[in-house]
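Q: Starting off with a structure, shown below.
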Amino acid sequence: MLSEKRRSRLLDHVRRKGSVRVEDLAEVLGVSVSTVRRDLDEMDERGLLRRVHGGAVAITDQPVPVETSMAERSVHNLDEKGRIAARAVDLIQPGSTVLLTGGSTTAQMVPHLPSVPDITVVTNSVAIAHAIGTTSATVQVLVLGGLLRNAELSLLGHLTTQALADVHIDLAFFSAYGLDPAYGIMGAHLAEAETDRNMITAAKQLVVLADHTKFSRRSAVRVAPLARIGTVVTDDAAPAEAVAALRTSGITVIQA
């Protein structure tokens, strides 16, 4: 079983039961006790559950993110996302290699990409790869392999991570589920967050695309800490206090 899928099942089981023993989790998941212990330790560090002697307990006061479908997200705040995407493309230098993670805002970058000469786009999004391939003859696309998450048309897992080892990425563009000015980038899906974390770590610089609604979203899953972010591109309705906090942390904030 892929580690991302295993941890997702583990977290679901802990949340359903409230508290679990290591031995019971090993039996449910069909893995060794030592593997379960490592997973629990890592998930405790991320704040997804609380590690206790002999097992783990659920964190009941954490908000449960509700992730809408890609089709629904693609029509929400469309004007803001379009402005953010156009401004984000301005950050790309000719001849560079950029990473686009899946998302409704990064997808809005596609029509603007041909304006930058000689670029290569690396992505784990089948939808983004298809959109570039059918609209541009000049942008080269490298699709990362992996297990298809059908609802999002994104590729996940260790195959995605392995492919990244052979790719040099100048700039990563990440369409965030949520952005906390104190905590960092939030994710809605545990398995996808694991892959996203590996992808943005592979890039020299990280640009987060987040419209104003993303600043009010909270989740138990952190994709990356604030220190990993170089630039945030948002819209002019972003909360002033959040923008100020990001800038105080040394992050460049661009409002489109």
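The values are calculated or read from the model by the stated rules, or taken from the named source; none is laboratory data. This is a predicted model, so every value here is computed, not measured. Positions of Cβ are generated from backbone atoms using ideal geometry, with glycine treated the same way; all protein chains shown enter the neighbour counts. Remember, those area values only see protein heavy atoms, side chains included, never the ligands or the DNA or RNA. Shrake-Rupley method; radii C 1.70, N 1.55, O 1.52, S 1.80 Å.
Q: Quickly run through segment 159-179 and pick out the residues that are in contact with a Gly (Cβ under 6 Å, 6 or more places away or on another chain) and either in a loop (DSSP other than H, G, I, E, B) or farther than 30 Å from GLU241 by Cβ (or both).
A: Of everything in segment 159-179, those that are in contact with a Gly (Cβ under 6 Å, 6 or more places away or on another chain) and either in a loop (DSSP other than H, G, I, E, B) or farther than 30 Å from GLU241 by Cβ (or both) turn out to be LEU159, THR160, ALA163, TYR177.
Q: Considering only segment 200-223, state which residues are surrounded by fewer than 21 Cβ atoms within 10 Å (Cβ to Cβ), outside any helix (DSSP H, G or I) and in contact (Cβ under 8 Å) with a residue 40 or more places away in the chain.
A: ALA202, ARG217, ARG218, ARG222
Q: Suppose we filter SER125, SER115 for residues that are farther than 14 Å from ASN198 by Cβ, hydroxyl-bearing (Ser, Thr, Tyr) and in contact with a Gly (Cβ under 6 Å, 6 or more places away or on another chain); which single one remains?
A: None of the others qualify; the one that does is SER125.
Q: Here's a follow-up. Is it true that THR252 is hydroxyl-bearing (Ser, Thr, Tyr), touching a strand residue (DSSP E or B) at 6+ places or on another chain (Cβ under 7 Å) and open to solvent by 60 Å² or more (accessible area, probe 1.4 Å)?
A: yes
Q: Which pairs do you get when a residue that is of a type in the set (D, E, K, R), found in segment 232-249, comes within reach of a residue that is outside any helix (DSSP H, G or I), reach meaning Cβ atoms under 7 angstrom, with the pair 6+ apart or on two chains?
A: Hits for this filter: ASP235/ASP211; ASP235/GLN255; ASP235/ALA256; ASP236/GLN255; ARG247/VAL253.
Q: Let me ask another. From the residues in segment 93-102 that are open to solvent by 10 Å² or more (accessible area, probe 1.4 Å) and either part of a loop (DSSP other than H, G, I, E, B) or of a type in the set (Asp, Glu) (or both), which one is modelled with the lowest pLDDT?
A: Taking the candidates together, the pick is GLY102.
Q: Can you go through GLY103, GLY178, GLY95 and tell me which one is on the phi > 0 side of the Ramachandran plot and touching a residue at least 40 places away in the same chain (Cβ under 8 Å)?
A: Result: GLY103 is the single residue among GLY103, GLY178, GLY95 that is on the phi > 0 side of the Ramachandran plot and touching a residue at least 40 places away in the same chain (Cβ under 8 Å).
Q: Could you identify the single residue in GLU42, GLU27, GLU72 that is assigned to a helix (DSSP H, G or I), surrounded by fewer than 16 Cβ atoms within 10 Å (Cβ to Cβ) and modelled with pLDDT under 80?
A: Being assigned to a helix (DSSP H, G or I), surrounded by fewer than 16 Cβ atoms within 10 Å (Cβ to Cβ) and modelled with pLDDT under 80 holds for just one of GLU42, GLU27, GLU72, which is GLU72.
Q: So, one more: At pLDDT below 85 and surrounded by 15 or more Cβ atoms within 10 Å (Cβ to Cβ): which single residue out of ARG51, ARG9, ARG16 fits that description?
A: None of the other options fit; the residue is ARG9.
Q: Just one of (1) among the hydrophobic types (A, V, I, L, M, F, W, C); (2) under 23 Å from SER219 (Cβ atoms); (3) over 25 Å from the mean Cα position of the chain (by Cα) trips up LEU40, so point out which.
A: Of (1) among the hydrophobic types (A, V, I, L, M, F, W, C); (2) under 23 Å from SER219 (Cβ atoms); (3) over 25 Å from the mean Cα position of the chain (by Cα), only one is false for LEU40: (3).
Q: Counting just the residues of segment 180-193 that are more than 8 Å from the chain's Cα centre (by Cα) and assigned to a helix (DSSP H, G or I), which one comes out nearest to GLY146 (Cα to Cα)?
A: For segment 180-193, the residue satisfying everything is ALA191.
Q: Same structure again: State all residues of segment 232-248 that are open to solvent by 70 Å² or more (accessible area, probe 1.4 Å) and in a loop (DSSP other than H, G, I, E, B); if no residue qualifies, say none.
A: Selection gives ASP236 alone.
Q: Condition first: open to solvent by 20 Å² or more (accessible area, probe 1.4 Å) and either in contact with a Phe, Trp or Tyr (Cβ under 7 Å, 6 or more places away or on another chain) or not acidic (Asp, Glu) (or both). Now tell me which residues in segment 172-189 satisfy that.
A: Listed by number, the residues that qualify are TYR177, PRO181, ALA182, TYR183, ALA188, HIS189.
Q: Something else about it: Considering only strands (runs of 3 or more DSSP E) fully contained in segment 110-158, which possess at least 2 residues that are modelled with pLDDT of 95 or more and buried (at least 22 other Cβ atoms within 10 Å of the Cβ)?
A: 120-123
Q: May I pose another question? Identify, by number, the condition in (1) open to solvent by 20 Å² or more (accessible area, probe 1.4 Å); (2) touching a residue at least 24 places away in the same chain (Cβ under 8 Å); (3) acidic (Asp, Glu) that ASP166 doesn't meet.
A: (2)
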